[in-house]
Amino acid sequence: MSKSILLLLGGALVLAPLAIAGRAPQQDAAAPPAASQTPQPAPAPAAGGIPADTKNPVRPTAAGMAKAKELYAIDCAMCHGDNGNGKTDLATSMAITPADFSDIKMMNAIPDGEMFNIIRVGKGKMPGEDPARAKDAEVWNLVTYVRSFSNPAVAVPVPEKAAAHSTGRRSR
């Protein structure tokens, strides 16, 4: 119960600045709008600021995946589950159906940039990952980590030490 309250409060904290920033400045009621200005609908903001078809520019490393795993455990697992299938008590109590990251067909249908935007900005009741909490490179690593639930080979970087020794040569 306290986790759901914390999640809702966290979502409100993330969304409040967006709602305030999205408000248009109020005009003086006595001043008519300028004749040359015709009201235009505000353009929809680009979610996360990147095109959905952007490829993940971050190469996974052991350290990057460890940080992504840590972020996922803290910020994502409560709803999406430790294994990414979205079947958690919290999700059930909130009457939500989180994405099933273990479904390879679904995961293959979501481009990297779109997944980055969802993680960074949020979607539905899911709050976004605050830039002060996770830098863009960490969110890209989180994209790779989330993809590993449907395809474990995705996030298995060769540790730097093991790569240096894999040449078969001995140093003298």
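Just so it is clear, none of the values below were taken in a lab; they were calculated from the coordinates. The structure presented is a predicted model; accordingly, all values stated were derived computationally and were not measured. Glycine gets a Cβ as well: all are built from the backbone with ideal geometry, and neighbour counts include every protein chain shown.
Some notes on this structure:
- The range 109-129: number of residues that are in contact (Cβ under 8 Å) with a residue 24 or more places away in the chain and surrounded by fewer than 14 Cβ atoms within 10 Å (Cβ to Cβ): 1
- Scanning the range 116-141 for residues that are among the aliphatic types (A, V, I, L, M) and assigned to a helix (DSSP H, G or I) gives Ile118, Ile119, Val121, Ala137, Val139.
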